[in-house]
Every structure is written in structure tokens, then in C-alpha cells.
Amino acid sequence: MSDTGIGKSVKRTEDIRFITGTGRYTDDINRPGQVWAVFVRSPHAHAKIRNIDIRRASAAPGVVGVFTGKDVGADKIGNLICGWMIHSKDGSPMKAGVHSVLATERVRYVGDHVVVVIAESKNQARDAAELVEVDYEPLPAVVRLADAQTRGQPQLHDEAPNNTVYQWHLGDKAAVDAAFASAAHRTKLEFVNNRLVPNAIEPRAAVAEYDTGTGSYTLYTTSQNPHVTRLVMSAFIGIAPENKLRVIAPDVGGGFGSKIFIYAEEVVCTWAARKVGRPVKWVSDRNESFLADAHGRDHLTIAEAAMDAEGKVLALHVRTKANLGAYLSTFSSAVPTYLYAPLLSGQYDIPAIYCEVDAVYTNTTPVDAYRGAGRPEAAFVIERLVEVAAREMGIDPAEFRMRNFIRKFPHQTPVLFAYDAGNYPACMKLALENADYSGFAARKQASAAKGKLRGIGLSAYIEACGIAPSQAIGQLGAGVGGWESAEIRVNVTGTVEVLTGSHAHGQGHETTFAQVVSERLGIPIEQVTVIHGDTDKVQMGMGTYGSRSGPVGASAIYRAIDKVIVKATKVAARCMEVPDDGVEFADGIFSARGTNRTMKFGEVALQAYVAHKFNPAEIEPGLKESAFFDPPNFTFPSGVHIAEVEIDPETGKTRIERWSAVDDFGNLINPMIVEGQVHGGVAQGVGQAMLENTVYDDNGQLLTASFMDYCLPRASDLPSLNVGMTNTPCPSNPLGVKGCGEAGAIAAPAALINAITNAIGHEDIDMPATPFAVWRAAQQHEKQAAE
Amino acid sequence: MAAVSLTVNGKTVGAEIEPRTLLSALLRDHLNLTGTHIGCDTSQCGACVVHVNGKAVKSCTRLALSCEGAKVTTIEGVGRPGNLHPMQQAFQDNHALQCGFCTPGMIMSALDIVRRKGTRLDEATIRKELEGNLCRCTGYHNIVRAVAAGAQAMGDSKLQAAE
Amino acid sequence: MYEFEYLRPSTLADAERALRQHAGAKLLAGGQSLIPALKLRLNRVECLVDLSGIIGMNSIERRGSLLAIGAMVTHAEVAESSVVKKAIPGLAQLAADIGDPQVRNCGTIGGSIANNDPSADYPAAVLALGATLKTNKREIAAEDHFKGLFAGLGQDEILTEVLFPIPRCFGYAKFPNPASRFALAGAAVADTGKGVRVAATGAGMNGVFRVRELEAALSSAFRTEGLKKINIDSSNLISDVHGNAEYRAHLIGVMTKRAVDACLAG
């Protein structure tokens, strides 16, 4: 067992370039002769475009091209797509409006892309962009999710009457109605799941070039899944055939979902590179990121739970309106449906669940997957419901959850999923212990003595990762497969290159994937290099989203290694002159059973390439294998997070005093990295619950379009986090791993709101619970107390 | 266009630039020091932090011309692969980075904290002093630990040097 | 940023001349508000006159009953100054909590006061302490400077020094806007010896202002008891996504109480 193998907290090899400033992000790439693109964006939430006059801009200093949707259309460049078909409960397909890469007739949100200006320098492009004259006829806008479907509201797309994309449902309504009729207690809540702006610290960027000699394009872009970008740009948008389009996602500075999607900017830059005959570079400003990166969440939900007299949950009924913004972004349709409703069962044995979701258009930035994507929304619903139900019924919330936990696996929920493994009570017990749950009452008293309100809140979340098997998601409307690919290239000297379709933008794959190889092949980790993010190097892959790189990406590597070992064993057998089944492989050594003959892995690799010791009719020379891994099920990470807060009722300031998380991600490849993923997820969940407020005014102007008004969590907003683990291996992949990237963001919001409502003594507060909101809610509590 | 001359990472450099050129743009576009990053336009994220005459500043909020004659240190001047500064080493040892984009600015700010507050730093001090640096990946937990460990290591190496 | 001309004079006279010669000229005194505004193209200048090259505008000294701080003294320098800490410790504390460390290394007291952002910290101190602003042309009483948003200096006028009368005690407390960390509401309290002055920042639609209700109460008894009962008029206060006028009015009271506590503790 090597000290760089599976289960070891190996320091990250990729760190060296990041801590020395030698990483290579898209904005660090400059091509000879490159020019700069700046996009002219709509200042209106909704308007007709009467006319676009580019004459002054075209004549401005340094300008090499100004293009509109007409120019793009003349080259038969297609529209942006949404890759997941959802059918409404009446069987009709979702109603998708046209999403052009440059708007020609109408704009539908502030930030909508209208014209691209390309000039020698970024400043010149910006200067010229201000000279583009777009004659808009402003139209009334519909901004509020609650209003979107109301008759008489402005309509965004002719294809979608009442701004309704689909009216979808899941579950058995009759069974739910029956359970409610016989319930001893019902708990009903209405809440907002607030819209979030992802805000990876690296803004999106693209550098595109066209090689006239070969007729091929190269696009460097901030993508989580370059192959999917290439596929969509090729097969649907028609930039170039896949074999003439190379997409490279170099170092990428965070994604959180927002860099999965295929956006207008990279399409236009790639097209324009040929048009102007020079490499074209675009780098988003932060303000532009706020307007033009797909946002996350944005639900309104009414949810009701039915309990028997002992607090056993009998049924759930959930009605959600989901705001998808002005257009359907790449995977937006799947987020409030199949990534949401199937999670509503949480960790609980609930006999009946029914969920209805209306997805709507509004004159706001498109909404798509953001860290957790549907699953945080579901966890918030179920974890608020059980917490409040417990409080209403006078049962301790931890005890209430224990009574309802699923205890036998596999478990089929009433909403699609078959949970494969878990140990929910074990997680809960450890979390309560780590949080010193029993000591809370004394701490609350101590806070009260200082005039402070203290609260504790739990969240026992479930997640579904992997977004596979392909056959199953295909039946649900997915346009792509859910597998991942890997290729193991063993070099002549025994060093190894791992080519993976997963993309790393902070997850540490270069280390964790190398650990898998180091462990399995028994070679030092320094001899392993992980290559990703380049469609010319790596065969088709699906990229990184939905916490799938461990369970699906690393599993594909595992399977490819299996094949390498099988072949290397054959080679070793020939070299040591024993039958194939007479060779054992362990810790990097091939041993001929019953002899003292052994060969190191590197020696076998050399023999595979020199091919002196075997008949090529029996064994092909070389040592390189690939695998596509398509898991048989989703994976189901789970955990319990406990937040403890202290509120200053004078100002509404909430301080997080303690955070105790216990997660079950199955086996761990690198515990240090897994904990880091939990920390980051919790921070984003805390941001959603307390800090991040996305506010549009009635005209559709985004009032919180910079860090001056949109509060990203800072170091002083967060405490140190106590992260513990239980490890119930996942049976659905060879590594037994479950995925860990989104857990914190899924768990945290409910834990925190449960803690805040516990502190203020009532349930009437929405996310984000900013100081202002908490102050108002606490005042209400004071008034109630006085009465 | 105007001429600017300054010392960057110990080397005297000059460039002909538009007056509106920011220090960050001079470093990235003219000197190819791309370790200094740009993450916002309102001087908040801190990905662009460098040292000017020994003090941490946001290079996206300084005109390059106003740094005429100044001594500038960027992340590239702190330590190289194979010869890491203790603070850089602490960031790796404590898993204080994920995507790495905010990291150069974090390290430059951390060194400024040590300059002002010394090598023994408690958690509350570090969290407060990181006010000007945003990270979206780590939740700061490991950054706080790394800054404390890096500061400690800087103190220890000074002690060793003195002995 | 739009294009502009850049000048970095080495004397005050040269700076004055530059301002006179360029009608669209603006002073750069640290630039921590101005440069972001220029970058976002919210602001356009023909010419920037950078004061950082001028010697003699960055001293801190005690002059009898006055604390004199040069306009180009950075927030970090005020925060660390032993002279300030001895004369008006609350002012050093105020400077130590402005923005973030990088901003404090660049931003200057003169820049902050001339810019007079309605959520900035220094204007509250200047008004509460009844400081005098010294320019190349005249001396301006604090009240006259903060008449309304961005009122104050003439086109070729340069703030050179701020003269703070040393009070019996001075305290400042702010509740930061969670996002920008500027004051959502901040209160500066000075017991001048000739009465108590309270100035609020971050809350007023017209910028920093004196809170007469609180001044009256504190002048009769300098203690926190009873402050909670005083209603602050919210009719001219800001309402935005971070808090409404009522919240800000309430916070002014709370911050005043905390500033008084700081005074009494110091």
C-alpha cells in the first residue's frame, strides 16, 4: 500500500503552479495578432429592436469588425439550445423560445447579447461599443416569478403562452390526497428559494482562432466540459464539424455549474475569428458576469407534510414555480424537475409524495444549474418541513428525524430513486455528538444573559450524484449520456498518462486521479500525469458537474486500469514463461506463482513496447487502454449538518458560532480534498441563506450587479467548520465513492434557517436572512413576546 | 502614450503605455506576469493584490503611471517552484486553494498581514485581515489555517537565521 | 476607462496650475473610489492630477489643541499613528476599520473627505469633531463642506490638511453593509467640551448629517441610558435592498450607543 494511494491526504500536485502564479487560465492566453471582442448588451429588460446602426462604431479607431445577429444568421449559425426535454403533465413537450447568439428583433433581459465589436485593444473595443446605436422600443417587462403566469402579463416568447415552459409533475397525487385526509397533523410552509449569482472568481473568457490552412478552429474557453461545448457548437450551432473544432479548457478558476453551459460569447468569438481572420479574445467583466452568467435557484414553493400522531411522515405535497429567466439555458429544464423532485424524500421513509412544478419565463437572466442544482432546493423543502413539523408537534427535531429515517437498503422512494446504501442514524448520532447538542440549552441561556438570541438547526440532506445511468436519464429526456471516459497510456518507461473526460477547476483531479493509478499500479504518484480539458488529446468525455468526477470519472479510470493490468499480466506471463493465470500482480510487482521470478510494472511496460517476448498475433504491442464507465445507478451521499447561531437582536447581525457536519461520501480517495469540498459547499450554502441577495427592480434592472451590493461570503462571515465523516461504501461503482462537491451547498441553507428561526422563535423569515431581514423578524418576535 | 519605469520583482522594467493603463494591466499584458489576476471591477475580490513599496495594494485600482519609480513585487517574485516561500508552502500543505484563481492575491495579502501583525496570528485576526480577498472555493477554512501556519513558519525561519 | 491625460505634479503650485489649465481635470488622491468609478465608466475625466508626488501633504502632528493630518495621509498611516492614537484614539480606530487593508494602504483622508461618499467613515468624524478643512485657498468649517452630496471644493481648490480639535472623547461605530462593507449606518460621537456632537453616515439621502435629537440627549447627560427611547426621524434616510429608512434610523441609535460606549471605555 503506497502512501500516495487511495484514502491518503496527498498534497495536491497542481498547487505548485497556482501558488507560484504560473497557472494558465484562459485570460492568460494571448495569441499572435489577437483582437478583442466586447459585447453590446441590452440595457432594457424587454424591448423591440427597431434598428441597429453600426456605422460610427465601425469607423472608430482600432475597430476591425462590428457584427450583428444578421451577420451571424447569414453564415447559418444556429441558436443556443437546451439539452433536456421535459414533457408537461398533459404530455406536451416543453415550450422553448428561440435563443439567438445575437438578438435581432427583441431583447428579453438586461444583458442580452446584441452586437459584438472587435478591435485591436479591449479599450478600443469598449470605446467603439458605446458608439453602436441600437434603437429600442421598450416593452413592458415581467420580472416577478409570482406574476409570470398571470393573464395579461407581458409575454416573452410566442411559443410559450402565459410564459409557461412546462407544467410538470411527479408522484402519486391520489395516494398523497388519501394520506392527507387521514393525517393527525399537517405542516404547511411557503418559501422562496432565492436566486443566486454563481460568481466563480475567474470571470468567463474565450480566445478563438481559425487556421485557414487546415480549415480548423481552436477555442480556449472557461468550460467545465469542453467536449460538450464542442458537440453543441458543432452539431447544433454549426460552427464547424467536430473534427475541425478543438476546444481547450485550460486552468479554470471555479465553475460551480456556471461554466457547464454553452453561451453566446464563445460561439460568437469562434465564428468571428474566421470572419476577421485573426484570433479573437473576450474576457467578461464582473458586472457582465452578474448580468450574463446563468444564475441559480429562484423557486417559489408551497409545501405541505402530513404526519401521524407519532410524527411519522405519511405524505408530502409540493407545488413549485421555477423561474428559468428569459431563455432556456443549456440544462435549465432538468434542474427544477429531475434534479429536484426525486430528492424530496430526503433520508426519510415517506410512503407518498406528489410534486408539481411550473417552469416560467421572466425578463431576467437565464437560470440554470448552480452548485447542487435542484438538490439544494429539495433539501430546503424537506428539511424545513420536518424541522417545523417537529417543533409544531413538540418532538425534538433530531428525534423526529430519527423516527423517520430509512433503515433498510436498497430503498425505493415514491419519486423515482432507489437508494443503494446509507446509514443515516449513524451520521445523525455523530453529528449530535460533535455539535454538543445536549449542551445547547445551557449555551442558549448564556447568550440570553448577554441579550443575544441563540438558535440551533439541523439539516439531514440527501444528494443524488453521477446523473447516470445513460439509459435511465435518456428516458427522462436527457440529450446526452451519463457515462465518463478514461484512457490510460502507459509509456515505455512505465510512467503513466491518464486522459480523462472529467474536467478539474478546483476539484484536484490531477492529484486524486493519480492516487487511483498509484494505488492500483503500485507506482509512485510522480510517475502519473493527469491530462484533461483538451478535445484534441482526450477522447469524448462528459465533463464535470453533479459531483460526478469521483463516482463516474474516477471509476472510468479504474476500469481502464483493470484492462491495463489484464494486458500487462499477459505480457509478464510471456516474459516469465508461465501461463497467463500463473501471474499475480500486487503493489507494482508481477510474480510468477511458484517461482521466484518477478517483474516490476515498469519492466513489463518496456517489454510491452519492445515486443520481443511475445507473438503479435496473440498480444498487440503497446500498453494503452481506455474505458467508458456508465454506472448502474445514481450515487446517494448523505449527511447531517448542524448550525448554531447567535443573533444580536439590536442589529439583526447573525454570527455562526458552530458548524458541525458529518457526511457520508462512501470511500474517500483523498480525505483532505473531500473536506475542502465540504468547506466550500457550506460557504456557498451560508451565502445563500444569509448573504446573497439577487434583486431586480420592477423594470428588470438588476440592482445587485456588483460585489458592492451582492454579498459574497468573506472570511469574517464564516466560522471554522467541524467536518466529520462516516463511510458507507457505494455499491454502484468499483471505488465505492459517492461524490462530495455539492453536499455542503445542499445541506447548509436549511441548517442555517432552522437555526435562525429557532433563535427568533418563529418561522417567518425568507432567504437570504440578511441583518435587515433578521432584525425585522426579531422585532416581530419581541412584539409577540410583549403581547 | 507615456513612459513608465519601475522595479518589478527586482528587475528594472519600462513600458510605453496609455495613461489609463492600470498596474494590473501593465503586469499582465506588458510584462506577461499573469499570476496577478482580475476577478472584479469594484476593487473587492483581491485577486490582483501585489506589493508596491512593500505594502499590499489592489493592482486593479492603481494607475501604472502612479507607480513610477516604485518597487513592485508580484506572486512571481515571492518564490518559484522548487524554491517556495514558506507562505506558499503553507498554502499547499493546508489545502488552502482549489481553483487557484484567488490564491496569488491571498498569498500577497497574507504576507502583508505578517508585515503588519507579526508571525503569531490568531484566527479572528486573520479572518478580519482577509477582508479584501474573496475566495469562492474553500470557505476560507483552510486559508485561515494556511496563513497562520505560513506566518509561524516565517517566524521560525527568521529565528533560525538569527541563531 | 475612457482616455485621459495624467499629470503627477511635485508641488502644490504645479497641481493648482494643472487644475486651472484643464477644465475637466480631477484630483487623484489615492483613487480607491475614483478609479473604480472610472473603470466602470460611471465617471469621465479629461485629466487626472495625481497628488501622490507632492511632498508635504502627508504629515501627522499635534498643534496645541489641534490634531493636523495632511490630506495625503493614508488610512493605514492614521490607524497606526502614535500621535493620532494619543490625541484622538477613536479616530485611529475609525481609520483602522475603513474598507480593507489594501484600500487602507492607498486611500487617503483628503480623498475620502473631498469625495464625501454618503457612506464613508471620515466625513462623520470631521462633522462630529467640528474639524476645519484647509485648502490651498481657504479654511472651511466642516458644516459648510457637507452641505449636500459631493458639495464642497472649487475646481482649482485642493484640500491640503484636516485640523481636528482634540475632544474630551470621541467614538465611532458603524454597522457595515454586508456586501460593500461601507457603513449601512455609522455614528460618530464627540464630547467636545462645549457640548456633544453626533454625526451619522451611511444613512442620510444627502450624506453625512448631525443628529440633533441625540446631541441634545447626550449633551444633558453623556450616557447610553435613555438613548434607546429617542426616535430618529427617518424621513430623509436611505431605503435600499440592504435596509429601509426605519432600519437605518434604528441603527443610528444603536451605533450612537456603541460609540458612546467606546468613548466611555477609552
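Quick notes
- For residue B:122 and residue A:158, a Förster radius of 56 Å and the Cβ-Cβ distance give a FRET efficiency of 0.35, rounded to the nearest 0.05.
- Amide H to amide H, with H built 1.01 Å from N, residue A:666 comes under 5 Å of A:728, counting only residues 5 or more places away or on other chains.
- Cross-link pairs exceeding 25 Å between alpha carbons, from the set A:567/A:600; A:8/A:408; A:48/A:70; A:783/C:228; A:48/A:244; A:312/A:738: A:8/A:408; A:48/A:244; A:312/A:738.
- The range C:132-266 - Rg (one decimal) and Dmax (whole number), Cα, Å: 15.5, 47
- Residues with amide H under 5 Å from that of residue A:115, placed H, sequence gap 5 or more: A:40
- Inter-chain shielding of C:252-259 (mean C-beta neighbours from other protein chains, 10 Å cut-off): 1
- Net charge of neighbours whose Cβ lies under 14 Å from the Cβ of residue A:745, counting Lys and Arg as +1 and Asp and Glu as -1: -2
- Formal net charge of residues neighbouring residue A:546 (Cβ-Cβ distance under 13 Å; K, R +1; D, E -1): 0
- Ignoring aspartates and glutamates fewer than eight residues from residue A:624 along the same chain, the ones with Cα atoms less than 13 angstrom from its Cα are A:487, A:497, A:562.
- Across the range B:65-77, coupling constants 3J(HN,Hα) worked out from phi with the 6.51/-1.76/1.60 Karplus curve, θ = phi - 60°, read 5, 6, 9, 3, x, 7, 9, 10, 10, 10, 4, 5, x Hz, and Gly and Pro carry x.
- Residues of type aspartates and glutamates that residue C:229 reaches as a straight line, Cα spacing below 18 Å, ignoring anything fewer than 8 places off in the same chain: A:650, A:782, C:213, C:215, C:246, C:261
- Taking 18 Å as the straight-line reach from the Cα of residue B:117, the aspartates and glutamates in range (excluding those fewer than 8 positions away in the same chain) are B:129, B:131, B:156, C:77, C:80, C:97, C:100.
- C-alpha center-to-center spacing [the range A:159-218, the range A:361-429] in angstrom: 18 Å
- Helical runs (DSSP H, four residues minimum) scored at -39500 (n - 2.57) apiece and divided by the length of chain B put the mean residue ellipticity at 222 nm at -10000 deg cm²/dmol.
- Shielding by partners for peptide C:93-104, expressed as the average number of C-beta atoms from other protein chains within 10 Å of each residue's C-beta, is 6.
- For the range C:85-98, 3J(HN,Hα) per residue [Karplus equation, 6.51 cos²θ - 1.76 cosθ + 1.60, θ = phi - 60°, Hz, x = Gly/Pro]: 4, 7, 6, 9, x, x, 6, 5, 5, 4, 5, 5, 10, 6
- Applying the Karplus relation 6.51 cos²θ - 1.76 cosθ + 1.60 with θ = phi - 60° to the range B:21-33 yields 3J(HN,Hα) values of 5, 7, 4, 4, 6, 4, 5, 6, 8, 9, 9, 6, 8 Hz, where x marks Gly and Pro.
- Cysteines not pairable in chain C (beta carbon separation under 4.7 Å absent): C:47, C:106
- Members of A:173/A:259; A:11/B:55; A:444/C:257; B:55/C:26; A:11/B:158 lying beyond 28 Å, as alpha-carbon distances in this model show: A:173/A:259; A:11/B:55
- Long-range amide H partners of residue A:353 with built H, under 5 Å: A:172, A:316
- Counting only DSSP beta bridges whose two residues both lie in the range A:484-623, roughly 70 percent are antiparallel.
- Proximal charge balance of residue A:498 [Cβ under 10 Å; K/R count +1, D/E count -1]: -2
- Normalised contact order of the range A:133-224, rounded percent, pairs of Cα under 8 Å and 6 or more residues apart: 12 percent
We did not get these values from a lab; they are worked out from the coordinates using the rules stated. Please read these numbers as outputs of a predicted model, since none were measured by experiment. Note that each Cβ is placed from the backbone with ideal geometry, even for glycine, and that neighbours are counted across all protein chains shown.
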